[in-house]
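Okay, structure first, notes after.
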Amino acid sequence: MESSQASSRVLVVAHKTAATQPLLDAVAARASRGPCTFTLLVPNAAHGLHKVVDAEDQGAGEAQGVLDAALPALSAAAGSDVAGIVGDPDPVAAVHDAINLRGFDEIIISTLPTRVSRWLKLDLPSKVSGMGLPVTTVTPDDDAPA
């Protein structure tokens, strides 16, 4: 039995918003549009001296905690298991690595509201769309708790 539509591989990029309702709604909406698989990428945030020394020397504890907390909710929203990976502390590099190593067809970026989002200040959505894949950006309302 062959499917008439190939399954799309969707990369979901999130950190603090990985289990928020706007992202869960976006994943459910994407899943309802056709066959797809999801992978959650959480950049391993660098803190303190790790930003100056070598961020890759720190463990993946915080990012792994985000994955552990978010994957069950995302899997429920997707209607299937969502894979999880920890990426480079630089979100642009993390997305680039994920695309090159695992291959994806589209990307959903979930970020904090505009007034507090470092990713939006870095212009992450447009840098990622420059990698040649369709990008959807999900941002909670500025007055909603993140």
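The values are calculated or read from the model by the stated rules, or taken from the named source; none is laboratory data. A quick note: this is a predicted structure, and the numbers were derived from the prediction, not measured. Quick reminder, even Gly has a Cβ in these numbers, built from the backbone with ideal geometry, and neighbours come from all protein chains shown. For the accessible areas, the whole protein counts, side chains as well, though only heavy atoms, and no ligand, DNA or RNA atoms are used. Shrake-Rupley method; radii C 1.70, N 1.55, O 1.52, S 1.80 Å.
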Subject >> Yes/no for residue 138 being within 11 Å of the chain's Cα centre (by Cα) and within 17 Å of residue 31 (Cβ to Cβ) >> reply: yes
Subject >> Residue in segment 73-106 that is most open to solvent (accessible area, probe 1.4 Å), counting only those that are of a type in the set (Gly, Ala, Ser) and in contact with a helix residue (DSSP H, G or I) (Cβ under 7 Å, 6 or more places away or on another chain) >> reply: 79
Original post:
Among the listed residues 139, 114, which satisfies the condition of being open to solvent by less than 60 Å² (accessible area, probe 1.4 Å) and more than 20 Å from residue 9 (Cβ to Cβ)?
Top reply: 139
**OP:** Kindly check whether there is at least one residue in segment 43-58 that is farther than 22 Å from residue 117 by Cβ, open to solvent by less than 40 Å² (accessible area, probe 1.4 Å) and at pLDDT 95 or above.
**Re:** no
